[in-house]
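**Student:** Before I ask anything, here is the structure I am working with.
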Amino acid sequence: MNNIGLIGLAVMGQNLALNIARKGYSLSGYNRSHETTEKFIKEKVKDEKIYPYYDIKSFVESLEKPRKIILMVKAGKPVDDVIHELLPYLDEGDLIIDGGNSYFKDTDRRIKELKDKGIHYLGMGVSGGEFGALNGPSLMPGGTKEAYEMVKELLLKIAAKTDSGECCTYVGNDSAGHFVKMVHNGIEYAIMQSISEVYDVMRKVLKLTSEEIGEIFEKWNNGELNSFLMEISYKIMKHKDDKTGKPLVELILDEAEQKGTGKWTAETSLDLGIPTPSLNLAVVGRTLSFFKDDRVKLSKMVSRNYPQNALNKDEVVEDLKNALLFSVFSSFSQGMWLISEASKVYGYGIDLKEVLRIWKGGCIIRARLLDFLMEIITEDNANLLLSPKSVKFLEEKIDAVKKVTKLAKDNYIPMLTVNASLDYFYSMSEENLPANLIQGQRDFFGAHTYKRIDMDGIFHTEWQQD
Ligand SMILES: NC(=O)c1ccc[n+]([C@@H]2O[C@H](COP(=O)([O-])OP(=O)(O)OC[C@H]3O[C@@H](n4cnc5c(N)ncnc54)[C@H](OP(=O)(O)O)[C@@H]3O)[C@@H](O)[C@H]2O)c1
C-alpha cells in the first residue's frame with residue numbers, strides 16, 4: 001500500500017511526485033496519457049518509491065486508507081473529469097487535494113459536492129514552478145482543518161523552508177487556498193509588468209544594452225529589491241541565444257500570454273469593490289501586447305517629438321530602482337487588501353501575516369520586501385497604506401516615481417503598472433476626489449441621488465430646470 005497518490009504527471013506533477021518520494025513517502029502515480037507515465041518512470045525516477053498505474057481502479061486500490069490523492073491536472077473541466085472518474089472507487093473519509101490553479105469558485109462547488117459524499121477536499125495553491133515543485137514550493141492549502149491535518153506532516157516536509165519556518169500553513173476555510181494563490185498570481189503579474197516597464201525605459205531612454213541592464217538588475221537583486229523575479233530578470237538579460245549569439249531577450253516576440261489567474265484577480269477585485277489598479281493594469285498590459293499588427297501599423301502613423309535634454313544615467317537608474325520598489329510594494333499592498341476583504345466576505349479566516357510568511361520561500365513572488373510587509377500588517381490594518389511606516393517608505397520614493405513616469409511619458413513609453421501604483425497612492429491619500437462631479441452627473445441623468453458634505457440625508461435635484 002502506498003502512502004499517497006498523484007494524478008497528472010506533467011511538469012508540476014512529476015516534480016512534486018519526486019519531491020514527495022524523496023521525503024520518504026511511497027507514491028502511486030497516474031496520468032491520463034500512459035506514454036507520459038512510462039517516460040517519467042523511465043527517465044526521471046531512480047530510487048524513489050514511485051509506482052506507475054495505468055487505470056484509476058488499481059491506482060486507488062494501491063493506496064493506504066484513508067486515501068490521499070493529489071491532483072496536478074489542468075485547471076477547469078479536467079479537474080471535474082478526474083474527480084468523476086475517482087468517485088466510484090473512493091470511500092468516506094478519503095481526501096482529494098487539488099494542487100492546480102483552479103478558480104476558487106470551482107473549488108467551493110467541489111468542496112460542497114464532495115462533502116455530501118463524505119470525501120474531504122483541499123484546494124491547494126502551489127507556487128514555485130517546476131523547480132519549486134521539486135525542491136520545495138510554497139503551499140497554500142485551504143478547506144477544512146480536519147482535511148489539512150490528514151496531510152499536514154507531508155506538506156510541511158515537502159514545502160520550502162526559510163528563517164520564518166516552512167512555506168506552508170493552513171490558509172483557511174473553503175476555497176481560501178485557491179483564492180490566495182489567485183491573488184499571488186495577480187501580484188506576480190504586476191511585479192513582472194513593473195520590472196518590464198523599468199526595463200523599457202532603460203533600453204529606450206538610457207539606450208542601455210541588455211547586458212548592461214542585466215548588470216543593474218543583478219546589483220538591485222543584491223539589495224532591497226532582492227526577489228525571485230528580479231533574479232530571473234537579470235539572468236534573462238544576460239542570456240545569449242545559442243543560434244545568433246545575441247541576447248535572447250531581444251529576439252523574443254513581445255506578446256505576453258496569460259492563463260487566467262491575473263484576469264480572475266482583476267474581476268474579483270471589481271466584484272468585491274477593492275481597488276487593485278496595479279494588478280488590473282498588468283493584465284491590460286498583457287492584453288495590449290497581443291495587438292502586435294495594429295501596434296506596428298500605428299507606430300508608423302504617429303509622429304513623435306523626443307526631448308533632447310541630457311540625462312544623468314546614474315540618477316535615472318536610481319530613480320528607476322525606487323519607482324520599482326514603490327510599484328512592487330503597492331502591488332503587494334493591493335493584493336493583501338483584496339485577500340483580507342475576501343476573508344471577511346467568504347469567512348475564510350485567513351491570517352494575513354501567515355500568508356506573507358509562506359510566500360517568503362519557494363514561490364515566484366518571494367521577495368526581501370515581505371519581511372517589511374510582515375512587520376507592518378495587522379488584522380485591523382489590512383490596507384497596508386494606513387501604516388505610518390508604509391507612508392514613510394512610499395514618500396521616500398515618490399519623487400523618483402514622479403520623475404520616472406514623467407520621463408517615460410515624455411519619451412512615449414507606457415508605464416501602465418508603475419503609473420497605476422502612483423495614481424493608487426495619490427487617490428488613496430487624497431481627501432477630495434472629483435467623485436462629487438460624478439455623483440452630480442449620475443443624479444442629473446438617472447436621478448441616482450447624492451449625499452452632501454454640509455448636511456445629512458439623501459438628495460435629488462431637478463438639474464434640467466437650470
Ligand atoms: N507550470 C507551472 O509552473 C505551474 C505552477 C503552479 C501551478 N500550476 C498548476 O498546476 C497544474 C498542473 O500544471 P502543469 O503545468 O504541470 O500541467 P498542465 O499543462 O496545466 O496540465 C497537464 C496535465 O493535465 C492532464 N489533463 C489535462 N486534461 C485532462 C483530463 N481531461 N483528464 C485527465 N487529465 C487531464 C494532462 O494529462 P495528459 O498528459 O493526458 O494530457 C497533464 O497531466 C495546473 O493547474 C497549473 O495551472 C502550474
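**Student:** I'd like the carbon and sulfur percentage of the solvent accessible area for region 181-428, probe radius 1.4 Å, heavy atoms only, ligands and nucleic acids excluded.
**Tutor:** 54 percent
**Student:** Further question: Would you be so kind as to identify which of 62, 425, 93 lies farthest towards the positive end of the dipole of the chain, taking Lys and Arg as +1 and Asp and Glu as -1 on Cβ and the Cα centre as origin?
**Tutor:** Projecting each Cα onto the dipole axis, the largest value belongs to 62.
**Student:** Another question, then. Rounded to whole Å, give me the distance from the Cα center of region 115-148 to that of region 370-422.
**Tutor:** Their Cα centres are 32 Å away from one another.
**Student:** Let me ask you something else. Could you pull out the chymotrypsin sites (Phe, Trp or Tyr not before Pro) across region 408-442 that fall in loop regions by DSSP (anything but H, G, I, E, B) with no more than 15 other Cβ atoms inside 10 Å?
**Tutor:** Those that pass, being in a loop and sparsely packed, are 412.
**Student:** Can I ask one more? How much length is gained on full extension from residue 258 to residue 204, taking 0.36 nm per residue of separation minus their Cα-Cα distance? Can you show the working numbers first?
**Tutor:** On the way: separation 54, 0.36 × 54 = 19.44 nm, distance 2.54 nm.
Separation in residues times 0.36 nm, less the Cα-Cα distance, equals 16.9 nm.
**Student:** Could I ask something else about it? Here is the link list: 42/145; 161/181; 23/181; 161/243; 219/259; 74/353. Which ones come out longer than 28 Å on Cα distance?
**Tutor:** Long pairs (Cα-Cα over 28 Å): 42/145; 161/243; 219/259; 74/353.
**Student:** Tell me, what is the FRET efficiency for residue 241 and residue 318 to the nearest 0.05, using R0 = 41 angstrom and their Cβ-Cβ distance as r?
**Tutor:** Values: r = 31 Å, r/R0 = 0.75.
Efficiency computed from Cβ-Cβ geometry: 0.85.
**Student:** Note down the accessible area of residue 264, probe 1.4 Å, to the nearest 10 Å².
**Tutor:** 50 Å²
**Student:** Which net charge results for the neighbourhood of residue 248, defined as the other residues with beta-carbon distances under 13 angstrom from its beta-carbon, given Lys and Arg at +1 and Asp and Glu at -1?
**Tutor:** Net charge in that neighbourhood comes out at +1.
**Student:** Once the piece of chain linking residue 161 and residue 270 is laid out straight, how much longer is it, given 0.36 nm per residue of separation minus the C-alpha distance between them? Show your work: numbers first, answer last.
**Tutor:** Details: separation 109, 0.36 × 109 = 39.24 nm, distance 3.45 nm.
Stretched out fully, the residue 161 to residue 270 stretch lengthens by 35.8 nm.
**Student:** A follow-up question, please. Working with all protein chains in place, sort 332, 372 by solvent-accessible area computed with a 1.4 Å probe, largest first.
**Tutor:** Sorted descending by solvent-accessible area, the residues read 372, 332.
**Student:** Whenever you get a sec, compute what percent of the accessible area on region 4-170 sits on carbon and sulfur atoms (1.4 Å probe).
**Tutor:** Answer for region 4-170: carbon and sulfur cover 51 percent of the accessible area.
**Student:** Report, for the chain, the % of DSSP beta bridges that are antiparallel, rounded to 5.
**Tutor:** Given both bridge residues lie in the chain, the antiparallel proportion sits at roughly 30 percent.
**Student:** Return the distance in nm (one decimal) between the two label points of a simple spin-label model at residue 398 and residue 250, each offset 7 Å from Cα along Cα→Cβ.
**Tutor:** Between residue 398 and residue 250, the label points sit 4.0 nm apart.
**Student:** Quick one: accessible area per residue over the chain, 1.4 Å probe, rounded to a whole number of Å²?
**Tutor:** 49 Å²
**Student:** Probe radius 1.4 Å, ligands and nucleic acids left out: which of 84, 184, 448 has the largest accessible area, and how do the rest follow? All intermediate terms of the calculation are to be shown ahead of the outcome.
**Tutor:** On the way: 84 140, 184 0, 448 85 Å².
So, going from the largest accessible area down, we get 84, 448, 184.
**Student:** Now for a different question. Restricting attention to region 1-75, which GluC sites (Glu not before Pro) occupy a DSSP loop and are surrounded by at most 14 other Cβ atoms within 10 Å?
**Tutor:** The qualifying sites are 64.
**Student:** Using the beta-carbon distance between residue 219 and residue 117 and R0 = 60 Å, what value does 1/(1 + (r/R0)^6) give for FRET efficiency, to the nearest 0.05?
**Tutor:** Numbers: r = 56 Å, r/R0 = 0.93.
Efficiency computed from Cβ-Cβ geometry: 0.60.
**Student:** Based on the mean of other Cβ atoms within 10 Å per residue, sort peptides 317-324, 76-83, 291-298 so the most packed one is first.
**Tutor:** Ranked by mean Cβ neighbours within 10 Å, highest first: 317-324, 76-83, 291-298.
**Student:** Now a separate question. Need the C-alpha centroid separation for region 14-69 versus region 275-296, integer Å.
**Tutor:** Region 14-69 and region 275-296 have Cα centres separated by 40 Å.
The values are calculated or read from the model by the stated rules, or taken from the named source; none is laboratory data. Here the structure is a predicted model, which is why all the values come from computation and not from measurement. Glycine gets a Cβ as well: all are built from the backbone with ideal geometry, and neighbour counts include every protein chain shown. We work out accessible area using only protein heavy atoms, side chains counted, and drop any ligands, DNA or RNA first. Shrake-Rupley method; radii C 1.70, N 1.55, O 1.52, S 1.80 Å.
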